[in-house]
Each structure stands twice: as C-alpha cells, then as structure tokens.
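Here's the structure, in structure tokens; my notes come after.
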Amino acid sequence: MNSSKSSEYPQYYAKEIETMGRESLETLQLDRLKWQVKRCYEFSEFYRERFDRIGLKPGDINSLNDVLKIPFVTKQELRDEQIAHPPFGRYIVAPPKDWRELHPSTGTTGVPVNTIWSERDVENITQWTCRTMWSFGTRPGDIVQNGFSYGLWVAGMSCHYAAKAIGCFVLPIGASMAERQVDYLVNPGATVLLSTPSFALYIAERMKQRGIDPSDIPLRIGCFGGEAGAEVPSTRRNIETRLGIDAYDYFGLAEIGPTCASECEEKAGIHWAEDHLLVEIIDPDTNQSCRPGEVGVVVLTHLTKEATPMLRYWTNDFARLTMEICACGRTHARSEGGILGRADDMIIYKGANFYPAQIEKVIRSFEELGDEFRIRLATDERTGIDVITVVAEYTTKEIDNEEFRSKVTHAFRDEMEVTPELELVEFGILERTMFKAKRVVDERARCA
Ligand SMILES: [Zn+2]
C-alpha cells in the first residue's frame, strides 16, 4: 500500500460533530426531529394525511423513541404519490423558489422517484461528503478521479462538490471511458479513485493489459459504492491488490442522499452521518426496533433535509448497527460489514434464500477465476424446475476440469447451503460494466 498523507492535517474534518458524545448527539437529533416533523405536518399534504389517518400530531413526538409512532414511507408509496400528484408528488416541503437540483433515483427497480435539493441541502450533503472523504484519508492536494456517474445520479455531484471543498484537484471523468481512466491514473496521477467496485476492477483489468503495475501509479486510496462489493472481503482484497490501494465502502441512496455513510480508515463498517439522519434497524416481521448488532431493515429519517424530507424511509437494505465508539474516535453509529443485502436482490432457490453478494464472495475468492460473473435463473422446460447457473470466467483453460469445478461448487454450498450449476467461459467474454452491474439474469417461466 502507498503511504498515507494524513499526518500533516488534523484527524477529523469536523471534530466537534464527529466526536460528539452520545447524549449531546441524541439531544441534537431530537431537536431536529421535532423541527422536521412539525414542518412536514404543516407544509406537506402527503405527510399530514398519513399523520391524520392514525391521529398522530407533531406534539406527540417528544423522544427519539417516539419516532416508532410515525408510519414508514416506501419507495412504492412515493411512486404512487408522484403519479397521483405529478410531477413531484406532495412530499416536497420547501417552496419552488428554494429548489436547486433535481435528483431522481436510477430507476433500476421501476419508475424513478424524484428528490429535490435546496441550497441548504446541497450545503449539508457537501459537508457530510467532505467528512466521509476525509475519514478515509482524502486531504487537500489530492487528485480525485471521480468515476461516479455525473448528471442525474447523485454520487457524482456530491463527491465533486466535496472534493473541491476539501481543496482537491478534481478529474470529473464520470463513469465512462475506461481507457482514459487508466491514462489519468498515470498522468496527472490520481491519488484518490471513486467509482463502483465493478468499474474499479475493470479499470484494474485494463491497467494490467497495458502492462501498468500498481507501483507505477501514485493512486493511494479508493472508495467504492453504488452497488455491493467493497464490503465483500474477496472483492476488497482484489481491488486493493490490483490497484495497490486501500479500498473503502461507500453507501448512499437517491431518496436519502448520496455518500451519507462510508468507512473510515479503520475499515470497521460504514459510519452514518447521525446529525443529519436518524438511523433505525427494524425487524421486518414485527416492525419493531432490532437490538444493537441484530440484522434488520435500515429505516432512515432526514433530520436536516429541507426540500424532500423522508420520515422513516424503508430502504429495503439489510444491515446491523453499533453505537460503540470506533477506534478512529468517531462516535456516530456504524453498520459493521456495510449493507448486508437488499431485499429486492434476494434469490429464493430450492427453499433457501441467498444474495448475489454471496456468489460474488465465492467467485472472487478463487484466483483462477475472473472477477466478472453472471447468475442465470431459468426454468427447465421438461421438468418445470428452476435451475440456477453461475457463469464465471477462467483465467487459464487448464483449470476447466472436474476437480476445480467441484472445489467451487463446494464453496457455494458452504456459503449459501445450495449448489448452483457452474458454467466456465473464456476470460473476457462477459460484458464489463462502468455503472451499476446487472449480474442477475432471470429467465424463469413466471417472469416471462
Ligand atoms: Zn471509524
């Protein structure tokens, strides 16, 4: 790994808020929660109707625990609201004169949901992104190669604003031009890379093909988000080795905001920006809070968002939460292991549930296999039984034998308790991706 340049600068971007004691942090959260609930009730018919339906008044929220009284908001409800009240729905709380940027969700799971940033929202998002970037080691003078997609998708803009605010030199290349990405890593020599994990691995592959060794470039750190990956140990190790960097995990989502949680240099889970977000982990069977360490659905409430605040947004992402102070000294809660899975991505096969990330973990733990893979779900026409096939690339033809296949299928069984079929293809055949990878191909009969 390249040496850190952290020592010349303070350890924290915003020490007071990042190391605030739990009690003070919760006092701040409650003040902000009350403010948010009151304005949502006053200025948004969407929220007022939901409160009135169950007889809840803003004055009923007197402790952080009282948040449990507020109904969840789901992505589908936001979509329905937009259709009923086009174009933006009635969950906008700020007046149009305060709107600055429109950021719809990517629409990978249906009609995009629109969110709006006010001037103050832009400032807050920039501030929390500065904190995250600083926490994984970005410092003034760094050359930041921003390989997150610009435009409507949110992470490109937030990292651009934050890198400038920290005092970095930004290369706003976006999620495109793999060859140019490699060029810029060489000259001017980016020191920080931001992209999806898939794209990072693709850049590494192109670098290798061009005979560029990680030690030839000054790249020091990378933070990767937009899809699962950086928190998967085998993927992280591959990115770190092939690019010669420390790799960190980034999380954000359009409805809440980009880059709102990231790992610090301790790699001890993603830290949430708790002064801006109230983070709950909810048991999806009981809708009650999980205990610290228990896995449940992440539910987020905006404490400072002005334009399109979410009260108890049901993310469909699974994680656990710990309030224990991190070795880095930051007090804000962490989700160890990052996002553990998305309910939307869960695959049910032969009575077992598993996530694509588990297949990824296995594939990338074998040096003999390429990073790229596909998960093909199909129905056997004769028997009507569902069949899962994992398509992976071999790096050398010699390993395409029974002994190696059985090693991989055993690893699948250990990880997921089911054994998919394995199909090995030549290296480079599967399409590489620059944005969010679509690795699950569902051809099952009921989906036709
Ligand atoms: Zn930390």
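Figures for the structure shown
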| item | result |
| --- | --- |
| The stretch 240-265, residues that are more than 24 Å from A327 (Cα to Cα) and not in a loop (DSSP other than H, G, I, E, B) | T241, R242, L243, L253, G257, P258 |
| Extreme residue, nearest to the ligand (Cβ to nearest atom), among residues of the stretch 334-358 that are at pLDDT 90 or above and either in a strand (DSSP E or B) or more than 20 Å from V73 (Cβ to Cβ) (or both) | R334 |
| Selected residue (only one of A228, A268 is in contact with a strand residue (DSSP E or B) (Cβ under 7 Å, 6 or more places away or on another chain), small (G, A, S) and at negative phi) | A268 |
| Strands (runs of 3 or more DSSP E) enclosed by the stretch 136-214 - at least 1 residues per element that are under 19 Å from I125 (Cα atoms), in contact (Cβ under 8 Å) with a residue 40 or more places away in the chain and under 22 Å from the mean Cα position of the chain (by Cα) | 143-146, 192-195 |
| Qualifying residue in the stretch 282-303 (condition: part of a strand (DSSP E or B), within 16 Å of the ligand (Cβ to nearest atom) and not aromatic (F, W, Y)) | no |
| Near pairs, Cβ below 6 angstrom, 6+ apart or cross-chain, from the stretch 256-283 (free of Cβ contacts under 8 Å to residues at least 60 places away in the same chain and among the charged types (D, E, K, R)) to any residue that is assigned to a strand (DSSP E or B) and more than 16 Å from the ligand (Cβ to nearest atom) | D283/G296 |
| So T322, is it closer than 22 Å to T433 by Cβ, among the hydroxyl-bearing types (S, T, Y) and touching a Pro at 6+ places or on another chain (Cβ under 7 Å) | no |
| Among the candidates T383, T331, residue that is within 16 Å of the ligand (Cβ to nearest atom) and part of a loop (DSSP other than H, G, I, E, B) | T331 |
| Among the residues listed as S118, S105, S135, the single one being buried (at least 21 other Cβ atoms within 10 Å of the Cβ) and within 30 Å of I217 (Cα to Cα) | S135 |
| Residue among E421, E381 that is out of contact with any His (no Cβ under 7 Å at 6 or more places or on another chain) and surrounded by 12 or more Cβ atoms within 10 Å (Cβ to Cβ) | E421 |
| Restricting the stretch 241-278 to residues that are more than 15 Å from the ligand (Cβ to nearest atom) and among the aliphatic types (A, V, I, L, M), the residue that is surrounded by the fewest Cβ atoms within 10 Å (Cβ to Cβ) | A254 |
| Matching residues in the stretch 403-425 - criterion: being closer than 14 Å to E360 by Cβ and among the charged types (D, E, K, R) | E415 |
| Test set (1) surrounded by 20 or more Cβ atoms within 10 Å (Cβ to Cβ); (2) of a type in the set (D, E, K, R); (3) under 24 Å from F136 (Cα atoms) - E324 fails condition number | (1) |
| Counted residues, the stretch 418-431 - those being modelled with pLDDT under 85 and under 30 Å from G252 (Cβ atoms) | 0 |
| Matching residues, the stretch 367-390, being free of Cβ contacts under 8 Å to residues at least 60 places away in the same chain and farther than 17 Å from I429 by Cβ | E367, D380, E381, R382, T383, I385, D386, V387, I388 |
| Residue match in the stretch 314-326 (condition: of a type in the set (D, E, K, R) and modelled with pLDDT under 95) | yes |
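The values are calculated or read from the model by the stated rules, or taken from the named source; none is laboratory data. In this text the structure is predicted, and so the values were computed from the model without any measurement. Cβ atoms come from the backbone with ideal geometry, glycine included; neighbour counts cover every protein chain shown.
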